[in-house]
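Asker: Have a look at this one before I ask anything.
The values are calculated or read from the model by the stated rules, or taken from the named source; none is laboratory data. It should be emphasised that the depicted structure is a prediction, and the values quoted were computed from it without experimental measurement. Glycine also receives a Cβ, built like all others from the backbone with ideal geometry; neighbour counts cover every protein chain displayed.
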Amino acid sequence: MLSEVVTWPKPGLVDPVEHGAHPDMDVFTFIKSATSLRPYFYQAAQAGIHFPVGQPLTRLFDQLRHLGLKAK
């Protein structure tokens, strides 16, 4: 995410020059947001790594949804 936000030019997204479709966000608020979610991304990756093979993916999506709600 951090590499993506500093890439310029690109259409319609936040970058160091413009905030495109996000008038409420600039590159600095994007970086703060991304870094604040780092623990969630780690937990989400761990959930995927440890998810039992052959189980319905809906169970994983439920776990990720729960983690995402806690990350808000």
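Asker: Suppose we filter ASP62, ASP26 for residues that are without any contact (Cβ under 8 Å) to a residue 24 or more places away in the chain, surrounded by 15 or more Cβ atoms within 10 Å (Cβ to Cβ) and more than 15 Å from the chain's Cα centre (by Cα); which single one remains? Write out each step before concluding.
Answerer: Details: ASP62 fails: surrounded by 15 or more Cβ atoms within 10 Å (Cβ to Cβ).
Answer to the check: ASP26.
Residue-by-condition table, conditions (1) more than 18 Å from SER3 (Cα to Cα); (2) assigned to a helix (DSSP H, G or I); (3) in contact with a strand residue (DSSP E or B) (Cβ under 8 Å, 6 or more places away or on another chain); (4) at pLDDT below 95:
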position	(1), (2), (3), (4)
VAL17	no, no, no, yes
PRO23	yes, no, no, yes
PHE30	no, yes, no, yes
ALA45	yes, yes, no, no
GLY48	yes, yes, no, no
GLN55	yes, no, no, no
THR58	yes, yes, no, no
GLY68	yes, yes, no, yes
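Asker: Right, GLY12: over 13 Å from the mean Cα position of the chain (by Cα) and either assigned to a loop (DSSP other than H, G, I, E, B) or surrounded by 11 or more Cβ atoms within 10 Å (Cβ to Cβ) (or both) or not?
Answerer: Numbers: over 13 Å from the mean Cα position of the chain (by Cα): yes; either assigned to a loop (DSSP other than H, G, I, E, B) or surrounded by 11 or more Cβ atoms within 10 Å (Cβ to Cβ) (or both): yes.
When the stated conditions are applied, GLY12 passes them.
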